[in-house]
Amino acid sequence: MFLRKYHKEIIFLLDLTLTSTVFFFLFFILPEAVLVKLSFTALLPVFLLYIICDMIAHRFFKTYESLWRYAKSKEYLTLFFDRLTGFFIFSITYKFLLPLKVSLVQIFSSYGISLLAMFVIRLGYRQFREHGQNGCKPNSNLVAILGAGEAGVRLLEALNNNPNSNYEIICFIDDSIEKIGKVIHGVEVKGPISDIADILSKIPIKEIIFAIPSATALRKKEILELCSKQECRVRILPGALSLLQNENLKNPWNTIRDIQIEELLGREQIVFEDEAVKSFLSGKVILVTGGGGSIGSELCRQIAKAEPKQLIILDIYENNAYEIQQELFQIYRMTLDVKIEIASIRDFHKINYLFRLYRPAIVFHAAAHKHVPLMEDCPEEAVKNNILGTYHVVKAADTYQVEKFVLISTDKAVNPTNVMGASKRFCEMLLQSMKGISKTEFVAVRFGNVLGSNGSVIPLFQKQIAAGGPVTITDKRIVRYFMTITEAAQLVLQAGSMASSSEIYILDMGQPVKILDLAENLIRLSGYVPYTEIPIIESGLRPGEKLYEELLTKSEELIATSNHKIFIERQKNISHKELIDKLELLQSALLEKSNSSIKTTLKEVVPTYCDPEEVNQGIEQ
């Protein structure tokens, strides 16, 4: 503790002792080098001026402010110019201040020899820290760093400067021909990355750290898939670019995290233009139903950035609403007017009252039941909440002349095979029926599974892996579309800002992903072997579940928009009277209190609703 507190003073005293020894050594031990013979008393003023000139240079260059265990070429150059400046100050001042003259050759030799000794001591100190204290530990984690660029080298240096680390870097793995076979700080660079299986077969690596900030999303996916086939844990350095920009970041190992599943999707995260969205939202009263949920809360975060006049968050679950309220308050304090309303969209009178009270200009409708198996068991709740609740919000939006109403829909609404999907398809039809009869523009936004949202499959897999397995999937043939929560929220806002009415917007989400592949990759990247260390079990398709999801009813019914990632699906018109007749049929079915009756009626009012067996048959085994 004492050494750490006074490390600058201790290093200065050591350098002073070294400098003094060299100075007097040259004048007394090597008399043949002395051109002017001086007694100790006569030599003392020369020595004092020598030290004062040194201290002036130290002060100017802040030589002792550096921590030498983190020293690089900059610190060594600073020390060099420090000593050189001290010599020049002495050579200028000694003629005027000293009655006796000494040879500048002697003084220059003293500076040079002491500088060389300082370099040797500092380099020796670093070597001791890197190799003496960080020698091979019996229980250390043997690590390979993917990427021998500056990010990877920073990781190695941070480890070498941490004597308490339990990691040992065995090798770098890189594609650069110039680096392969070379050694960086005593660690060999192997490669190329495509040979990682052969490289790791000869080394007992326990962990791989991905540190390639320049890799594209597709290249990252390719590399991570190669890594996932190795029997070791894979982690990644987030914000590697910020690591390169932050010279003072001393321990980047603290920022290493596990692989996030979106990094295995193989596409760049889609980012939409902000200007159109900001002008669409700025200065307006905005209502978000289901504002405390995964999508709803992210919508609130994005909307808050656009400086709305007022943001109303409506949710039936007060804990979620409270959390997003506190989060926004911490960021915006008094600059954002946020109102929380705890209410159910099933309550028509409360919904009507809130619309009359706040007069929102824009409504984002995210409130819904979304769990497929639960809605199969409770179809009455899906009809009451998803369908009738949406009808209440739509009717209030029409009555109070909301400018824009945006419905959050799902790919499960396309040729639905379950109650939840059928209920969301009915909501899309409800919006279509408002075309031409309302001043409000009604649009729906349809997307696939949202990574990290409440109830999504990825967090479930991660919990199962952390618990030691097994990982359960319903069927090894299932494929799904995926997007991030941020992408989903931005899609909703971007689509809402487009000038149209009664349209269904969809996002180009790339290729669908096989759930089995996701499970296997997550297990491997967590450092386990699928089927051996972590079993994967098929539990069978759940009620209403189909093997694949679709974003389009028919692929040819597609209209391009100004954004090349967003499309409009052309739909047949449905009259409002026809929709109301269908709604009355559902309300009659609810009175029967029969799940089978409700499902039968749903198939009647949603023509594309069919049993999952009808679409699952014919899928390749």
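All of the numbers you see were taken from the coordinates with simple rules; none came from a lab. Treat the numbers as computed from the prediction; the structure is a model and nothing was measured. Cβ sites come from the backbone with ideal geometry, for glycine too, and all protein chains shown count toward neighbours.
The table that follows gives values for the structure above.
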{"read-out": "Calculated FRET value between S194 and E592, using beta carbons and R₀ = 60 Å, to 0.05", "value": "0.40"}
{"read-out": "Segments 539-547, 419-427, 368-376 sorted - mean Cβ within 10 Å per residue, highest first", "value": "419-427, 368-376, 539-547"}
{"read-out": "At R0 = 30 Å, FRET efficiency that the Cβ-Cβ distance of S201 and F119 yields, to 0.05", "value": "0.10"}
{"read-out": "In sequence order, calculated HN-Hα J values of region 294-300 (Karplus, 6.51, -1.76, 1.60; Hz; x Gly/Pro)", "value": "4, 6, x, 5, 5, 4, 4"}
{"read-out": "E168-V183 pseudo-label distance in nm [points 7 Å out on the Cα-to-Cβ vector]", "value": "1.7 nm"}
{"read-out": "Proximal charge balance of L591 [Cβ under 14 Å; K/R count +1, D/E count -1]", "value": "-1"}
{"read-out": "Projected label distance in nm at I10 and N573, using a 7 Å step from Cα toward the beta-carbon", "value": "8.6 nm"}
{"read-out": "Cα convex hull volume per residue for region 291-355 (Å³)", "value": "77 Å³"}
{"read-out": "Potential lengthening between S109 and S279 on full extension [0.36 nm per residue; Cα-Cα distance subtracted]", "value": "54.1 nm"}
{"read-out": "Cα→Cβ-extended label distance, 7 Å offset, between I340 and L77, nm", "value": "5.5 nm"}
{"read-out": "Region 327-423, Cα convex hull volume normalised per residue, Å³", "value": "125 Å³"}
{"read-out": "A466/E222 FRET efficiency (R0 25 Å; Cβ-Cβ; nearest 0.05)", "value": "0.40"}
{"read-out": "Per-peptide average of other Cβ atoms within 10 Å, ordering 332-342, 430-440, 111-121 highest first", "value": "430-440, 111-121, 332-342"}
{"read-out": "Subset of K404/K572; K350/K514; K404/K593; K278/K350 violating a 32 Å alpha-carbon distance limit", "value": "K350/K514; K404/K593"}
